[in-house]
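Q: One structure follows; several queries about it will come next.
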Amino acid sequence: MKKKLNILLCLIVLMILLTLSCTTVPVPDWAASPSAIRTVYPDSDFIAQRGRGATREAAEVAAAAAIARFISSEISANSRYREVINQQNGETTENLETSAEAFVKSQIELFGVRYVEDAFYNKAEKQWQTVAYIDRNEAWMVYEPRFKRQADAFEALYAAAENENDQFRKVLRFGAAGGYVRGKDFVEAEVFGQILHRQKMNTLFGGIRAEITAIPQKTDDAKRNAGVFIDCPGDFESLITNAFSRALSKNGFSIEKNKNGAAVVCAVTIDEGRQQRDLGIFYYPSLQAIFAGTPGTLFTFNVSADRASAVTPDVAKRRAYTALAEKVVESFSIEGR
């Protein structure tokens with residue numbers, strides 16, 4: 001009798017095990033179909049990606065990596081509108097994307113990446129499946145102050161340029177505003193904000209984008225009204241005067257022949273660095289150019305050339321001034337002034 005009871009008990013246990021083994025674990029809503037994840041975690045509120053792996057931990061790593069890849073792809077898309085001002089200043093979108101991508105990767109752990117609680121083991125695929133996600137609103141609350149600081153800083157520079165009455169100084173101020181938006185901190189905030197919450201970032205930076213696009217044209221308009229007179233006493237064969245004329249024209253400024261009609265005077269002082277030696281005459285030339293207008297001194301430009309020498313005085317001097325003129329054309333810029 002006892003033996004029969006043991007056999008019956010074993011059969012009951014076996015039936016229970018068979019029943020359990022046949023029980024199907026309910027598939028989570030986010031895994032019901034390929035597009036179901038967007039229903040449970042809509043793009044407007046979340047950055048969400050699937051992950052698969054031999055273990056639950058491996059699946060979570062894969063899901064986080066998928067988020068990183070998604071963010072990297074978004075960086076390119078959100079950098080394209082900057083191409084106009086980038087090309088205007090001889091820079092490339094690729095450089096900006098690289099900077100922003102490095103920033104995002106360094107900040108990924110601070111996004112608040114979470115994983116679903118209902119990860120499950122897919123018997124058919126013999127893999128765990130899960131979802132990693134970022135709540136856009138939560139992430140925005142953390143980073144919004146950083147984005148706003150960048151927006152406010154640019155707006156202050158842009159407003160200063162708009163309100164400047166002196167046309168040459170206006171050019172310099174617009175140059176400062178343009179330089180700021182190409183800076184690492186601004187680029188990172190701008191691209192990062194678009195990835196986290198496009199709608200809120202468009203609200204915060206919407207007006208700024210129009211202003212950034214307007215900078216090149218506003219700068220050119222100011223340059224046309226900021227004629228420069230070049231005052232370079234003692235210039236040898238007008239080499240330095242012509243060099244500044246070419247450099248300023250290349251930068252978009254008009255050159256005035258009359259000092260009284262100019263908005264700005266470029267006063268050039270040349271130091272020839274002339275030395276008489278037994279082997280000939282040596283020059284170590286340098287110059288300083290002071291740009292001044294109605295408000296006073298606007299900025300200074302300094303440049304020097306390599307040693308020039310010759311046995312004949314005129315030949316040595318011509319070589320020195322030619323070398324100095326080439327340096328002016330090569331290195332003159334108002335960027336960052």
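The values are calculated or read from the model by the stated rules, or taken from the named source; none is laboratory data. The structure presented is a predicted model; accordingly, all values stated were derived computationally and were not measured. Neighbour counts run over all protein chains shown; Cβ positions are idealised from the backbone, glycine included.
Q: Check residue 151 against each of (1) out of contact with any Asp or Glu (no Cβ under 8 Å at 6 or more places or on another chain); (2) more than 17 Å from residue 196 (Cβ to Cβ); (3) modelled with pLDDT of 95 or more; (4) not basic (Lys, Arg) and name the one condition it does not meet.
A: Tallying (1) out of contact with any Asp or Glu (no Cβ under 8 Å at 6 or more places or on another chain); (2) more than 17 Å from residue 196 (Cβ to Cβ); (3) modelled with pLDDT of 95 or more; (4) not basic (Lys, Arg), residue 151 fails exactly one: (2).
Q: When you look at residue 77, is it of a type in the set (Gly, Ala, Ser), in a helix (DSSP H, G or I), modelled with pLDDT of 90 or more and closer than 29 Å to residue 193 by Cα, yes or no?
A: Working: of a type in the set (Gly, Ala, Ser): yes; in a helix (DSSP H, G or I): yes; modelled with pLDDT of 90 or more: no; closer than 29 Å to residue 193 by Cα: yes.
It is false that residue 77 is of a type in the set (Gly, Ala, Ser), in a helix (DSSP H, G or I), modelled with pLDDT of 90 or more and closer than 29 Å to residue 193 by Cα.
Q: Moving to a separate point now. When residues of segment 109-147 are filtered for being in contact with a Pro (Cβ under 9 Å, 6 or more places away or on another chain) and part of a loop (DSSP other than H, G, I, E, B), how many remain?
A: So the count comes out to 3.
Q: Okay, moving on. Which of the residues that make up segment 112-163 are among the acidic types (Asp, Glu) and more than 20 Å from residue 60 (Cα to Cα)?
A: Answer for segment 112-163, where residues must be among the acidic types (Asp, Glu) and more than 20 Å from residue 60 (Cα to Cα): 138, 144, 152, 155, 162.
Q: Would you confirm whether any residue within segment 310-328 is hydrophobic (A, V, I, L, M, F, W, C) and outside any helix (DSSP H, G or I)?
A: Of segment 310-328, the ones hydrophobic (A, V, I, L, M, F, W, C) are 310-311, 315-316, 320, 323-325, 328.
Within this subset, residues satisfying the condition of being outside any helix (DSSP H, G or I) are 310-311.
Yes, segment 310-328 contains at least one residue that is hydrophobic (A, V, I, L, M, F, W, C) and outside any helix (DSSP H, G or I).
Q: If you go through segment 31-77 one residue at a time, how many are aliphatic (A, V, I, L, M), free of Cβ contacts under 8 Å to residues at least 60 places away in the same chain, within 23 Å of residue 190 (Cα to Cα) and surrounded by 13 or more Cβ atoms within 10 Å (Cβ to Cβ)?
A: The qualifying residues number 2.
Q: If you go through segment 198-227 one residue at a time, how many are farther than 14 Å from residue 170 by Cα and among the aliphatic types (A, V, I, L, M)?
A: Residues that pass the stated criteria total 5.
Q: In segment 175-185, which residue that is more than 24 Å from residue 290 (Cβ to Cβ) and surrounded by fewer than 22 Cβ atoms within 10 Å (Cβ to Cβ) is modelled with the lowest pLDDT?
A: Ranking the qualifying residues of segment 175-185, first place goes to 184.
Q: Mind checking which residues of segment 157-174 are crowded, with 22+ Cβ neighbours inside 10 Å and either farther than 28 Å from residue 221 by Cβ or small (Gly, Ala, Ser) (or both)?
A: Listed by number, the list holds a single entry, 161.
Q: Which members of segment 218-246 meet the condition of being within 20 Å of residue 319 (Cβ to Cβ) and not basic (Lys, Arg)? Lay out the reasoning, then the answer.
A: Of the residues in segment 218-246, the ones within 20 Å of residue 319 (Cβ to Cβ) are 232, 234-244, 246.
Residues satisfying the conditions are 232, 234, 235, 236, 237, 238, 239, 240, 241, 242, 243, 244.
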